[in-house]
Amino acid sequence: MSDDTSPGSQERKVRALERVVSQVLRLGVLTSFVLVVAGTLMTFLQAPPPGAEPANANGTILTAAPALSNLPRDLARFSGPAWIALGLLVLILTPVMRVAVSAVGFAFQKDRLYVGITLVVLAVLIASFLMG
Amino acid sequence: MSPLDFTLVTFVVSVVAGFVGSLLGLGGGMIVTPVLTLALGVDIRYAIGASIVSVIATSSGAAAAYVRQHMTNMRVAMFLEIGTTLGAITGAWLAGRIDPQWLYLIFGLVLTASAIAMLRKRHAAGGPVPPDPMADRLRMHGEFFDESLQRTVAYRVSGSRPALALMYVAGVLSGLLGIGSGALKVPAMDLSMRLPLKVSTATSNFMIGVTAAASAGVYFLRGDIVPFIAAPVAAGVLVGATVGSRVMARLDNRVLRIVFVIVLLIVSVQMILKGVRG
């Protein structure tokens, strides 16, 4: 048996992978939290940019969610809602990243079957962003 | 209510929802959506969009800890996620097309069922584990280190097909209502797949985030995740759930549990009434 496939080496790779997955999750949540809080502070500290008026008296929302295509432009203008949206996007992409990392992990273990299964899940996740 | 007041009130409500949700093992989404809609008058679609984001936050935070404890069965999780993500997309798609009245009604019914399920004690199925050729072929059987026994426990997995079907249903509910639907995922793994309880909990938690991401993608592009509502909800539920999981273990006080069940039942009746009357 070559060193690559020995149980000990596999075990180490799995453990290393679990650490990476755990760190991806932690980092994603933390980054998103910071962006969301920063975006909220920006929104209240600045005069609201056009089209970003918040909730009215009944909590009904006057502002629409910022369009994804305008996001880079709005971020450059330091629009609060755009920075919140970026934070939320990071949060939504965190589990997607962790699925992608798992696919790499199964590839390390030369587990073709589960690389396939993981890629199916990844494809469904990517499809979800195309069908909104 | 001024925009600042709305943000502050929503944040505080979400902290409480995340805290109580983690104590009850229900998840913040089940609690925050009724408050946002019934008490603050937020459109239910925006409440659900905000709630689904908070589900990702709490699940990812908790999953980071579980993975390190090696409780999660990654193969089972990945296999079942095919069902949950397809279901989540279906649910999110459906939520954008049906009358919001239906969302109130279905939410109320699911909340009723979850509240009643809280009264039942969680138990593992007894007897020998039935053979499952699919679980053999997909090499799902696993092992975990049991803290209380101080040794590694090996287990066999069964019922992978019915579990996959149940996961599709759990995914639909998650995408439709913006909830984690762990209340459906965990029993499916306990009873159908015969996973050890600790493994089910960790694996379910791991899957909830991925399921929620699938429907959140749909909600985000549809414009139903409104930064002004989602920001205080996501941040609040995350803070509440983190504090809840640190402060104490899951609530096992029977009297308190019954009190919460009664409160949840009253809330579900109001959601159902709103769905029926409009």
(request) Name the most mobile residue of B:Pro227, B:Pro196, B:Pro128, meaning the one with the largest mean-square fluctuation, in a Gaussian network model of chain B with Cα contacts below 10 Å. (result) B:Pro128
(message) Taking each residue in B:234-247, count the Cβ atoms of any other chain within 10 Å of its Cβ, then average. What number comes out?
(response) 2
(message) For chain B, what does the helix formula give at 222 nm: sum of -39500 (n - 2.57) over DSSP H segments with n ≥ 4, over the residue count, nearest 500 deg cm²/dmol?
(response) -23500 deg cm²/dmol
(request) Convert each backbone phi in the range A:20-29 into a coupling constant with the Karplus relation 6.51 cos²θ - 1.76 cosθ + 1.60 (shift: θ = phi - 60°), then list the ³J(HN,Hα) values in order as whole Hz, x for Gly and Pro. (result) 4, 4, 4, 6, 4, 5, 4, 5, x, 5
(request) Take a quick pass over the protein assembly as shown and tell me how many lysine pairs come in under 25 angstrom between Cα atoms, counting only ones 8 or more apart or on separate chains. (result) 5
(request) For chain B, with a Gaussian network of springs between Cα atoms less than 10 Å apart, report the residue from B:Val20, B:Val42, B:Val259 with the top mean-square fluctuation. (result) B:Val259
(request) Output the relative contact order of the range B:3-277, whole-number percent, from Cα pairs under 8 angstrom with separation of 6+ residues. (result) 40 percent
(message) Given the whole protein assembly as supplied and a 1.4 Å probe, what does the accessible area of A:Trp83 come to in Å², nearest 10?
(response) 60 Å²
(request) Specify the residue with the greatest mean-square fluctuation among B:Leu176, B:Leu119, B:Leu195, computed from a Gaussian network of chain B linking alpha-carbon atoms under 10 Å apart. (result) B:Leu119
(message) Can you tell me the convex hull volume per residue for the range B:3-277, based on C-alpha atoms, in Å³ to the nearest whole number?
(response) 122 Å³
(message) Can you compute the FRET efficiency between A:Leu130 and B:Val255 using 1/(1 + (r/R0)^6), with r the Cβ-Cβ distance and R0 = 60 Å? Round to the nearest 0.05.
(response) 0.75
(request) Show B:Tyr168, B:Tyr104, B:Tyr46 ordered by accessible area, largest first, where the area counts protein heavy atoms only and the probe is 1.4 Å. (result) B:Tyr168, B:Tyr46, B:Tyr104
(message) On a 1.4 Å probe surface of the protein chains, which of B:Phe220, B:Phe107 comes out largest in accessible area, and what is the full order?
(response) B:Phe220, B:Phe107
(request) Just the Kirkwood number for the range B:1-144, please: inverse of mean 1/r across all distinct Cα pairs, in Å, one decimal. (result) 18.1 Å
(request) Shielding by partners for B:69-80, please: the mean number of other protein chain Cβ atoms within 10 Å of each residue's Cβ. (result) 4
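The values are calculated or read from the model by the stated rules, or taken from the named source; none is laboratory data. Since we're looking at a predicted model, the values are computed, not measured. Neighbour counts run over all protein chains shown; Cβ positions are idealised from the backbone, glycine included. Side chains are part of the model used for accessible areas, which takes the heavy atoms of the whole protein and leaves out ligands, DNA and RNA. Shrake-Rupley method; radii C 1.70, N 1.55, O 1.52, S 1.80 Å.
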